[in-house]
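Every number here is computed from the coordinates shown, using simple stated rules; none is lab data. It should be emphasised that the depicted structure is a prediction, and the values quoted were computed from it without experimental measurement. We place every Cβ from the backbone using ideal geometry, glycine too, and count neighbours over all the protein chains shown.
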2 protein chains.
Amino acid sequence: MMMEASFDTEESFDDPSCLAPQPPGSVSPARRQTVKEVKETKATVNCVTFPLPGEGPEQQLLKPNDWSYCDYFWADKKDPQGGACIPGIEVLLQKQLKGKSLQKEMAEFIHERIKIEEEYAKNLSKLSLSPLAALEEGTLGEAWTQLKKSLHDEAEVHLKFSNKLHSEVEKPLLAFRGEHFKKDLKKYDHHIADLRKQLASKYAGVEKARKALADRQKDLEVKTHQLDVKAHKHEEDIKKARRKSTQAGDDLMRSLDFYNQTQCKWFEEMVTSSMELEKMEVERIEFIQTHLRQYTTLRHETDMFNQSTVEPVDQLLQSVDPAKDRELWVRENNTGDVRPVDLDI
Amino acid sequence: MMMEASFDTEESFDDPSCLAPQPPGSVSPARRQTVKEVKETKATVNCVTFPLPGEGPEQQLLKPNDWSYCDYFWADKKDPQGGACIPGIEVLLQKQLKGKSLQKEMAEFIHERIKIEEEYAKNLSKLSLSPLAALEEGTLGEAWTQLKKSLHDEAEVHLKFSNKLHSEVEKPLLAFRGEHFKKDLKKYDHHIADLRKQLASKYAGVEKARKALADRQKDLEVKTHQLDVKAHKHEEDIKKARRKSTQAGDDLMRSLDFYNQTQCKWFEEMVTSSMELEKMEVERIEFIQTHLRQYTTLRHETDMFNQSTVEPVDQLLQSVDPAKDRELWVRENNTGDVRPVDLDI
């Protein structure tokens, strides 16, 4: 299933050498002579066998120019503290875990912003209800009342901003890759770690078989050069030793075969898993990009809506008219327009 | 001086009747007969003399269609609680005092707004320094860093807004009409109140003279109809009484003249003062209008500057590139690109 998942998104790549294991067979004398030389072209590190630099056929990257995870995490990472090595797959999994916590931290940051907006809105709408200068009259009074009201409108704009920040940015960032995520990652981890364990035991098998073969071959040498024994009994011993040596050779070929098959399984698992993880990282980055874009869109909206809260104030300030205000006030407060005249008898 | 002040700003107006007082003179018999009728065409209220409705020549407003203070505050205002009356000038002065305190309240309101902006800016720049998700890498990391920085820029915008609100709106509103203002108003008050006192004493003088004249006339009547006395002595008495009556008539004419001159002084003072106060009210309204306009201008600027804080974030979000980020990360964190190969003998 992971195989498919990876091939859904990635074109298939040229089979690596290990996908075509040599068929098991008996050790030919020629082969036996090459063992030493062969050993010098490869090195087995933590039970994984790599060609030595400059040895073996040239390797092409599985996905050239793509910096694909599947091409760069084959070796184990030396622990800087010189402790245990970290498998390449671990490095990829840790990257995912770090990404997950960063995404959570971004949500936290947005949450803090939301709180600031709510506080600001609260203060603005509180002030807009203040009775200050409520007794101002006429057209000036209307403009002033609208100015105070505009603070309430501003508060609404910032409240809307904080609500949308919550539903359209904070919540999605928190929801993306829920609590199952870490369990899912563990699966990759366990699966590949298990294959590495198998690889180790198979490698031990190879070492054991190799030693057994060596012993048998030594024994055969000794017997062939023995002279001081009865000829017919001697022939028997040599035949027996040669049979056992051939047997040991076959055992070695078989365990080599088991080892290579297991390493191949691990290889395939590494390729598909790392490509899965690579896909997940692309998704994470694009998801965050989308939601930070949403943040800036909401910020732009807020500034635009804010503009509109001032316009009605501007209009009423335009039409402030001292003459009109005087008329209104004089109509209400005049004491009489009859002028005094001279008194006479 | 106030006279000038008012004529600086107002075209002079048609002389009201009282500016042309009748010349003092002796009471002609004809005049004496008209006293009763004359009394019915005028009424003296709180020592100010007004024509009765429909009586006397039609009055044109001094500044028609202008609702000028100088045309509408001649009578005293009845105190709703039926207590002492409030002179018209008082009503105008109270309007000024109210305007002064409203302007102070507006400054207070702006001050509250300034505090809200400062608090908001403080919170934004504090959050912009948060270490949250600081470990995000590559192009996404750059965009995130810019997003956090943009909160600092927003804070700067709101801080600038609050500073300008302080220097360009709050301070001018507080400074307009400083502590001398109330003292200046008191001057109008005292000056006119003083003229009203003089008017009252002159009116008392008129009443006294009127009574004296009435007594003298009665005495003359009596003497003229006395018959049972010596003819020559009788003639003497009548002459004497007639002289005293004429004397009392002249006294009355003189005190009427004093009264009318004082009322005329008060009238002129009322016209110039009320026009001064009218001018001051126009100035107050225009001053506040100008500074509330400055408030809305600053608000618009703030929204515009805010827009610009988001643009660099948008640009960096545009150029977020998962492939590039993978390359950067793989270059740094890869464990090895040499693929495993089959192990053989």
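Which value at 222 nm does chain B reach when only helices count, each DSSP H run of 4 or more adding -39,500 (n - 2.57), with the total divided by all residues and rounded to the nearest 500 deg cm²/dmol? Could the numbers behind the result be given before it?
Values: 9 runs with 243 residues, N = 345.
That comes out to -25000 deg cm²/dmol.
Angle between the Cα long axis of helix A:88-128 and the longest principal axis of chain A, 0 to 90 degrees, nearest 10?
10
Please compute the average number of Cβ atoms from other chains found within 10 Å of each residue's Cβ in peptide B:255-266.
Numbers: counts 1, 4, 3, 0, 3, 5, 1, 0, 4, 2, 0, 1.
Per residue, the average neighbour count from other chains is 2.
On a 26 Å Cα-Cα criterion, which of the cross-link pairs A:78/A:265; A:78/A:211; A:183/A:265 come out too long?
On the way: A:78/A:265 24 Å; A:78/A:211 30 Å; A:183/A:265 23 Å.
The pairs that break the limit, which is 26 Å between Cα atoms, are A:78/A:211.
May I ask which residue of B:70, B:41, B:195 lies farthest towards the positive end of the charge dipole of chain B, with charges of +1 (Lys, Arg) and -1 (Asp, Glu) on Cβ and the Cα centre as origin?
B:41
Given a Förster distance of 45 angstrom, what is the FRET efficiency for residue A:323 paired with residue B:200, based on the Cβ-Cβ distance and rounded to 0.05? Show your work: numbers first, answer last.
Details: r = 36 Å, r/R0 = 0.79.
Efficiency, rounded to the nearest 0.05: 0.80.
Could you state the number of Å between the C-alpha centres of segment B:204-280 and segment A:287-331?
So the separation of the two Cα centres works out to 71 Å.
Out of A:315, A:247, A:146, any idea which swings most in a Gaussian network model of chain A, alpha carbons joined below 10 Å?
Comparing A:315, A:247, A:146 in the GNM, the peak value goes to A:315.
Each label point is 7 Å from the Cα along the Cα-to-Cβ direction; what then is the distance between the points at residue B:234 and residue A:282, in nm?
14.5
No solvent, one uniform scatterer per C-alpha: report log10 I(q)/I(0) for segment B:145-228 via the Debye equation at q = 0.11, 0.16, 0.23 1/Å, two decimals.
Cα-only, vacuum Debye calculation for segment B:145-228: -0.69, -0.86, -1.05.
Using alpha carbon coordinates only, what is the Rg to Rh ratio of segment A:129-279, with Rh defined as the Kirkwood radius?
1.73
Give the nm distances, rounded to one decimal, from residue A:189 to the matching residue in every other copy, measuring between label points 7 Å along Cα toward the beta carbon; shortest first.
8.4
Give the cross-link partners of residue B:324 among the lysines, using a straight C-alpha distance below 16 Å as the criterion and excluding same-chain residues fewer than 8 apart.
A:63, A:95, A:279
Nearest 10 degrees, 0 to 90: what angle lies between the long axis of helix B:138-165 and the longest principal axis of chain B (Cα atoms)?
On a 0 to 90 degree scale, this one is about 10.
Relative to the other copies, what are the label-point distances for residue A:66, with labels 7 Å from Cα along the C-beta vector, expressed in nm at one decimal and sorted shortest first?
9.0
Spelling out what I want: for every residue of segment A:196-212, take phi, set θ = phi - 60°, compute 6.51 cos²θ - 1.76 cosθ + 1.60 (Karplus), and round to whole Hz; glycine and proline get x.
5, 4, 4, 4, 4, 5, 5, 5, 4, x, 4, 4, 4, 4, 5, 5, 4
If you place +1 on the Cβ of every Lys and Arg and -1 on the Cβ of every Asp and Glu, how big does the dipole about the Cα centre of chain B come out, in debye to the nearest 20?
Working: 52 positive and 62 negative charges, 760 e Å.
The calculated dipole for chain B is roughly 3660 debye.
How are the alpha carbon pair distances in segment B:285-345 distributed across 10 Å bins from zero to the largest one, expressed in percent?
16, 18, 16, 14, 11, 10, 7, 4, 3, 1, 0
Specify, per residue and in Å³, the volume enclosed by the convex hull of the alpha carbon atoms belonging to the protein assembly as shown. Before the final figure, lay out each step's value.
On the way: hull volume 138.3 nm³, N = 690.
It comes to 201 Å³ per residue, whole-number rounded.
Once you've got the Cα coordinates, tell me which of A:104/B:164; A:126/B:171; A:126/B:186; A:171/B:148; B:197/B:223 are over 30 Å apart.
On the way: A:104/B:164 38 Å; A:126/B:171 23 Å; A:126/B:186 38 Å; A:171/B:148 19 Å; B:197/B:223 40 Å.
Over 30 Å apart, Cα to Cα: A:104/B:164; A:126/B:186; B:197/B:223.
Using a 10 Å cut-off around each Cβ, can you sort B:72, A:259 from fewest to most neighbouring Cβ atoms?
Numbers: B:72 22, A:259 28.
Arranged by neighbour count, lowest to highest, B:72, A:259 become B:72, A:259.
Give the relative contact order (percent, whole number) for chain B; include only Cα pairs under 8 Å separated by 6+ residues.
On the way: 280 pairs, mean separation 102.7, N = 345.
30 percent.
Which value, in debye to the nearest 20, gives the size of the charge dipole of segment A:132-259 about its Cα centre, when Lys and Arg are +1 and Asp and Glu are -1 at the Cβ?
Working: 27 positive and 23 negative charges, 357 e Å.
It comes to approximately 1720 debye.
Taking H as built 1.01 Å from N, whose amide H comes closer than 5 Å to the amide H of residue A:44, not counting residues under 5 places away?
A:50
Can you compute log10 of I(q)/I(0) for chain A with the Debye formula, treating each Cα as one identical point scatterer, at q = 0.12, 0.13 Å⁻¹?
Reported log10 I(q)/I(0), two decimals: -1.00, -1.08.
Please name which of A:93, A:181, A:166 has its Cα lying farthest along the dipole of chain A towards the positive end, using unit charges on Cβ (Lys, Arg +1; Asp, Glu -1) and the Cα centre as origin.
A:93
Given H placed 1.01 Å from N in the peptide plane, which residues other than close sequence neighbours of residue B:342 have an amide H under 5 Å from its amide H?
Sorted by chain and number, the residues that satisfy this are A:18.
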